[in-house]
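Heads up, the thing below is written out as C-alpha cells.
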Amino acid sequence: MITVFEAKHIITMNPGNPFATHIAVRDGIILGVGPLEELEGWGPYELDRTFADQVLVPGFVEAHAHVMAGGMLLLPFMGFFDRMRGDGTLAPGIKSYEALIDALRNEESKLTDPNEPLVAVGFDPIYFADQPRLSRHHLDQVSTTRPIFIYHASGHLATVNTAMLDAHHVTRDLEVEGLGRDAEGELDGELREPPAMSLCRSGYSTVQRANNTEEAMWEFARQATNCGITTCTDLGGLSLLSDKFLEPWLSVTKSDHYPLRVAQYNIGAIPGSQADCEAAAARLIEIRRQAHEKLRFPGVKFILDGSIQGFSALLNSPGYFRGDDHGQLLVVPEQLKSMLMPFHSKGVNIHMHCNGNATQELAIQTLDALLRESPWFDHRHTITHAQLTTQAQLRKMAKLGICANFFSNHLWYWGDQHYEITVGPERAHQLEPCASAVREGVPFSVHSDAGVTPLGSLHTLWCAVNRLTPSGRTLGESEKITAYQGLKAVTIDAAYQMHLDHEIGSLEAGKKADIAVLAENPLTVDPHHIRDIQVLGTVLAGQKFPAAGVDWS
Amino acid sequence: MTPYTVIGGYLGAGKTTLIRHLLEHPEGQRLGLLINDFGAINIDAALISNANHNTVELTNGCICCSLSDGFDEALSTLLDFNPRPDHVLVEASGVADVRTLAQYGHHPGLSLSGIIVVIDSETICQQAEDRYVGNTVLRHLLAADLILANKQDLISEQERKDLGLWLSEKSPQSLIWPAQQAALPIEIALGVESRAQEQSMPQLDHASSEHAFAHPTFARWVWQMPYAVTRQALEGFLDHLPSSVIRLKGLIDSDQGVLEIQVVGARHTLRKRSEIQHEGQQLVAIGLNPHFDAESLDRLANDWLASITQA
C-alpha cells in the first residue's frame, strides 16, 4: 500500500531535489518526493492530507544524546531552565532557593512511604553563584525526617539534608575529603565526587539506576518525538560491558510503538580506566548481529576529558580565564592509539569526547598516527563537543577526514559563564566554530548532549544560527551559520558522521520515510524564532507519531 | 576496619610489577585487589583457584576484582567476600586521580593505610613537564604518602641526588623509597608485619645493572606501654616524629578509650576504636636505614608517653 503525504512545503535536504509538496511512501521507504503528478505513476495510493498545512523536513538526527535524558525526567527535576517531559508536561526551571524548596515540598508530599528517600536531579549551582551555597539547612526546610538527595547537573556533586546524612551515619568525624563543611567544620550537606556521594548510597544508587530501565528508554523516545527527532544516539551506552545493559534496549526497540531509531555508541572503556579494547571491539561486532531497524551500533565512544564549566577539560595555553585549572585527561595518551586500533581496524566509527582543545589535539594526533598505520579513507571519526576547536585544528581535521560534532547548546546554557569566567571573551566568541568548519570543509553536526541540556534539534540549530546568551550577548558574529547550514547539521550531516547518510537524514527515493512535522518553515522564519517553531510530531518508517498534545486521528 | 591502600603512578613506572609481587608474596595476608586489567597483571595460571567475569581468586587467598563495572560495584563485590580480605588495594590507572580514590579509604569500615605512587626515576621529571599529563603526574606526587622511586639502576649517582631534591620540592610530604624492579617490602607497602621468616624481596641480578644500586633496608622500633596515656600526649608524640619513620602503628589505651594510631609518611591518623576494650599496648615503627635512629625514638617516647594518665 502506498501513502502519499501532502504538505504545504517539504525541505528534503537532498540538494539534487531540494523542495517539494508530496512524498510517496511504501513499506516505510520513500518511493519519491515531488509534485503529486510525478508520484502517481507508482500505482494506487492513499492521499494523506494530515500535514497539508505543515512543513516537512527530514526527521532530525541527534548525534550526541544520552538515555539519561529520559531517566532524569522520571525523577523530580530541579534544573534552572524549563524541561518538557515526554507526556508534554513541563518541569519548570527553578530560579531561586525558595522555588526549589517549594518544588521539593510538593514532591515530598507525593511520597507515601515515610522512609523512601526523595531524590531529585538537575540542580546547577553555577546559576546561584551570587548566593550562599546550597546546604543541608535549605533542604531541612523541606523535611527534617525524610532523607533528601539533590543530584547536581554536573554529575560530580550532590547536596543532601540532615536526615540523609543521619540515615547513612555520615558524621563530622569522617575524613572523606569531598564532604562539604562550614567554618566550624560541621557538615554542610554537600557531597563532592563519587567517594563522598556514595556515602549516601540510598540517594546515589537511585540516580545511577534511573537510566538503565525500560521506562527511561520510553521517556527518552517520547521526548525525541516531541522534538521531531527520529534517530537519536545513546552516545555512551554500556552495552559493551554487559548484556544487562543491552537487553532492555533490545526489548523496547522491538515494540512497533517505539517511536525512535536508536544509534547506540557504547563506551569502549570506562573513563579513567584501562580496558581490553580488543575484546570490546570483538563484542561490538558480535552485538551488531542483534541490531535491527530501530537499534543500531554504528560505532564506539571514548571519553577523553571533563567539562569546561567544571574546569576539568584540558585546555591549550593560555588555559582557563578565571578559576582553578583541574584539566585532566581520562586516558593515558600513550595508550590511546592501541585502545582505538581494534575498532578502527575493524571499520568501526569512533566518536571521541573532547571538551578541551588540548585533549582534541591529542585525539587528532592519535587519529593521524592511526591512519598512517592503518589507512581508511572514509572513517568519519568524530570529535564530539569540540567546543574550543582552533582554526589550525579545523584545517588538520579537514585533511584527515575527521568530523566535528559541536555542542552548540553551550552557547545558550553556559555562554555567559564562558565569556565571564571559564575561557574569557575572545575564546567565548569562537566557541562551537560552525562557520569556520564550513569555511575549512569539516563536516559537522550540532548537539544537545541531552540530558546535560534538553533534547531539541530546533534549539541546537537556533543556537548555531543566532549564538545568543541569556543575558543578550551575541557570541561570535563570525561563527554564525545560516538556517540551511544549521538544518544540514541536524539532519544529513549528523547522519553522515554515523555512516547512516545513505539511509536517513534526507528525504529521497530509497531512504527511510523518517520525517519531522513542523508548523513553520525554519528556513524562512525570523532566525530568532526557529526554536519556537511548533513540532507536531514525526513520521517514522511511514508511521505517524504525534507529539504530546497533538491529535492526528 | 579493613585497611585500604591506593597504588598509583604513570604508565611504565612499575605499578604492575609491584602489584604482581604483592599478589604472589602476600606473606599470609588475604589481599583484595581492585585492578584495571587482569591481562596486564598476568597472574601465573597455577596460582588461580577460581575465576569468573569480574573476579579472580588465588590459591593463596588473595582476590582480584576488575574495575570494568565501575568502582563502587567492584569495591562492594570485594568487601562482600566472606571472609573479608585483610587489606584492600586499588590499582589506579595512569591518569586516575589517586587522591579522590583514596577517599574511599575513609568510608565506614575501611581505614586509609596510604597512597603509594610508583615513579620511573629516569623519566619522571620529563613526564611532569608533559603538556598532556604533566599536571596529572604532579597531582600524583602531591597526593603520595610514599613514593616508590623505581628504576634507580637506570640513573647515575648525581641524578639520584638531583631527583631527591626535585621530589622534596614537588612532594614535600612523602617518603621516598628508592628501588629497582619495584621491589617494596610488604611491611613498607602495606604497613603489615611479614608473617614469613625471610624478608620478602625479589631476587635481583645486580650484575646486569649498569650502576651499582644498593637496596634500602629498614629497621623496626617497638615501644611497650602497659598503661594508658592521654590523647594529648599521643598527639604531641606524633607531631614530633622524625621524618625517617616510614610507618608507625598501634592500638593504645587512652583517656578517651582505645585509640588506633596510623602513620604513613606525613599522614597521621588517630581514630577512636570504641568497639575494642584493650589491646596490645605497643607502638611499632619502621624506618629507612641508615637514617632511622631508634634511640631518638626512645627519647621521644620517654618525653611524651612515659607518664601514666591521671584518670
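Every read-out reported here was derived from the displayed coordinates using simple, explicitly stated rules and does not represent laboratory data. In this text the structure is predicted, and so the values were computed from the model without any measurement. Note: ideal-geometry Cβ built from the backbone for every residue, glycine included; neighbour counts use all protein chains shown.
Here are a few things to note about the model shown:
- Note on A:LEU36, A:LEU235, B:LEU78, B:LEU34: ascending count of other Cβ atoms within 10 Å places them as A:LEU36, B:LEU78, B:LEU34, A:LEU235, the fewest first.
- Mean separation of Cα contacts under 8 Å (6+ apart) over length of chain A, as relative contact order %: 18
- Measuring between their Cα centroids, the range A:426-499 and the range A:147-181 lie 37 Å from each other.
- Kirkwood Rh in Å, taken over the range A:484-538 so that all alpha-carbon pairs contribute: 12.2
- Global geometry of the range B:218-305, whether rounded, prolate or oblate, following the gyration tensor of its Cα atoms and the 1.5 cut on a/c: prolate
- Within the range B:2-208, percent of DSSP bridges classed antiparallel, to nearest 5: 20
- For the protein assembly as shown: rounded, prolate or oblate by the Cα gyration tensor [a/c cutoff 1.5]: prolate
- From the alpha carbon centroid of the range A:301-321 to that of the range A:95-123 is 33 Å.
- Average beta-carbon neighbours from other chains, 10 Å sphere, peptide B:4-13: 1
- Most mobile of B:HIS21, B:HIS107, B:HIS53 in a GNM of chain B (Cα contacts under 10 Å): B:HIS53
- Calculated over the range A:111-175: convex hull of Cα atoms, volume per residue (Å³): 104
- Relative packing of A:37-46, A:157-166, A:54-63, A:340-349, which averages over residues the other C-beta atoms within 10 Å, highest first: A:54-63, A:157-166, A:340-349, A:37-46
- Here the range B:100-160 and the range A:41-94 have alpha carbon centers that stand 49 Å from each other.
- A:LYS511 long-range amide H proximity, modeled H, under 5 Å: A:ILE30
- Neighbour count of at most 12 Cβ within 10 Å plus DSSP loop: longest GluC sites (Glu not before Pro)-free window in chain B: B:1-128
- Within a Gaussian network of chain B (alpha carbon springs, distance under 10 Å), most fluctuating of B:TYR132, B:TYR104, B:TYR227: B:TYR132
- Least to most buried among A:THR112, A:THR469, A:THR144 (fewest other Cβ within 10 Å first): A:THR112, A:THR144, A:THR469
- Reachable lysines, given that their alpha-carbon falls under 18 Å from the alpha-carbon of B:LYS161 and they are not under 8 places away in the same chain: B:LYS151, B:LYS170
- Based on C-alpha pairs under 8 angstrom that are at least 6 apart in sequence, chain B has a relative contact order of 16 percent.
- Averaging the sequence gap over all C-alpha pairs within less than 8 Å and six or more residues apart, then dividing by the number of residues, gives the range A:215-505 a relative contact order of 14 percent.
- In chain A, helices alone account for a calculated mean residue ellipticity at 222 nm of -8000 deg cm²/dmol, with every DSSP H run of four or more residues adding -39,500 (n - 2.57).
- Shape category assigned to the range A:215-505 from the gyration tensor of Cα positions, a/c cut at 1.5: oblate
- Counting other Cβ atoms within 10 Å as a rough exposure proxy, the listed residues B:TRP304, A:TRP414 run B:TRP304, A:TRP414 from fewest neighbours to most.
- Candidate aspartates and glutamates - alpha carbon under 12 Å from A:LYS544, same-chain residues fewer than 8 apart omitted: A:ASP48, A:ASP256, A:ASP514
- 23 Å Cα-Cα threshold exceeded, pairs from A:LYS294/A:LYS337; A:LYS8/A:LYS512; A:LYS244/A:LYS337; A:LYS346/A:LYS511; A:LYS244/A:LYS301; A:LYS337/B:LYS15: A:LYS294/A:LYS337; A:LYS244/A:LYS337; A:LYS346/A:LYS511
- For B:LYS272, the lysines whose Cα falls under 16 Å of its own Cα, not counting residues fewer than eight places away in the same chain, are B:LYS249.
- DSSP bridge analysis restricted to the protein assembly as shown gives an antiparallel fraction near 50%, rounded to the nearest 5.
- Of B:ILE246, B:ILE155, B:ILE116, the one that fluctuates the most in a GNM where chain B has Cα springs shorter than 10 Å: B:ILE155
- Only DSSP H runs of four or more residues enter the estimate; each adds -39500 (n - 2.57), and after division by the residues of chain B the mean residue ellipticity at 222 nm equals -7000 deg cm²/dmol.
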